[in-house]
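These notes concern the structure reproduced below.
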Amino acid sequence: MSILSTFGIGGLFFILVMVFGSIYYAYKIVKRSDEYDDVKMALFVFMYISIMSVHIITAGQGYNYKELWFVPGIIAGIMSRDQRDKPGTLKVETRSKQLEDKL
């Protein structure tokens, strides 16, 4: 409630995205990932954010938790690495070479 009273609707959106978005994407990574390390990190994030969300909703001040920035960053890092490693994505050198060939 402190986020809602301090930051208004924008604060509520922040909490929804950081907490429930992280839970959703952690679950998605666990279901689809083949790498064991990614699954372990995603499970950690899923459990930690789930427990922390109860504390934030019932008693905490959501704006001063460093974990609310760090833990979703773990999920963002896993997702960006997965996007980089997909076979359909092009490397930077290949992209620049394709642009040079077009010019």
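Just so you know, all these numbers are worked out from the coordinates, no wet-lab data involved. What you are looking at is a predicted structure, and each value in this text was computed from that prediction instead of being measured.
Please work out how much length the chain gains when fully extended from Thr58 to Phe70, using 0.36 nm per residue of separation minus the C-alpha to C-alpha distance, in nm with one decimal.
On the way: separation 12, 0.36 × 12 = 4.32 nm, distance 2.10 nm.
Additional length available on full extension: 2.2 nm.
Entry for region 8-62 at q = 0.15, 0.18, 0.26 Å⁻¹: log10 I(q)/I(0) = -0.46, -0.61, -0.96, Debye formula applied to identical alpha-carbon scatterers, no solvent contribution.
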